[in-house]
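Notes follow the structure.
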Amino acid sequence: MSTLLLQCVASLQSWGIQSEYIVRDTGREPSKSGIIGLLCAALGRERTASLTDLAELNMGVRVDREGKILRDYHTIFEQQVVSHRYYLSDAMFLVGLEGDMDWLRQLHAALKHSRWNLFLGRKSCVPSRPPYLPQGWSEKPLFQALQEYPWLGQNRQEHKAIQSVRLVYEDNEKGNEFHRDHPINFARNQRHFQPRRTMTKFIPRPEFDPQISYPFLQTLGGVA
């Protein structure tokens, strides 16, 4: 199996999986439904299209920076409605998707030339860097690819202070954590998700490589 890697880096992200109208939560790392939604946008795929070929990919997330949870307090005076919306501030994630080589190559190309605008969980959460990674294609299995890719940060001092990073990956046989974010249908008024199982491990900090830590500058024609 091969692995596609992409980055989720922004001042604000929000990956809700239990949201209701008045409370919009966020997970501590990207949800599978949110990442599949991002890929659908890159492909230009309509909400009513099948998700099977995307949802069957195994997903893992390496948390290079945890971020802080923020609450945004909303009031709608005409309706006397109060809502609470939660976000992750300054978080940084490396996301891996494992599956068929040819299909992942298509997704890698779609991220580079996205059909629609990409966002990180909500439309208000615009990426600080393109999710596309020029070196984001790997013939390694998911866990190895996530372990070996260099740290996404840019600050050497921050990197030196890190001892380990959290890695969350799908394991539908032994996983002891449950997330209801496996997407079945994105159609309006028919949204449907199933639970999936994950495991969490802490791995040694990834290496620091400025030539790879600045992929967004490479896409603009230079490296700092």
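The values are calculated or read from the model by the stated rules, or taken from the named source; none is laboratory data. In this text the structure is predicted, and so the values were computed from the model without any measurement. Methodologically, a virtual Cβ is constructed for each residue, glycine included, from the backbone with ideal geometry; neighbour enumeration extends over all protein chains shown.
Within region 91-134, the set of residues being aromatic (Phe, Trp, Tyr) and touching a Cys at 6+ places or on another chain (Cβ under 8 Å) comprises Phe93, Phe119. Report, by residue number, each residue of region 20-45 that is at pLDDT below 95 and over 23 Å from Arg166 (Cβ atoms). Matches in region 20-45: Glu20, Tyr21, Ile22, Val23, Arg24. Taken together, the residues in region 202-224 that are modelled with pLDDT of 90 or more and either surrounded by 14 or more Cβ atoms within 10 Å (Cβ to Cβ) or of a type in the set (A, V, I, L, M) (or both) amount to 4. Please specify each residue of region 77-107 satisfying the condition of being under 23 Å from Leu43 (Cα atoms) and surrounded by fewer than 18 Cβ atoms within 10 Å (Cβ to Cβ). Within region 77-107, Asp100, Met101, Asp102, Trp103, Arg105, Gln106 meet the criteria. Just one of the listed residues (Gln163, Gln154, Gln144) is surrounded by fewer than 20 Cβ atoms within 10 Å (Cβ to Cβ), modelled with pLDDT under 95 and either more than 16 Å from Ile36 (Cα to Cα) or among the small types (Gly, Ala, Ser) (or both), and it is Gln154. When the residues of region 181-209 are narrowed to those that are free of Cβ contacts under 8 Å to residues at least 12 places away in the same chain and assigned to a loop (DSSP other than H, G, I, E, B), which ends up nearest to the chain's Cα centre (by Cα)? Only one residue tops the list, namely Arg191.
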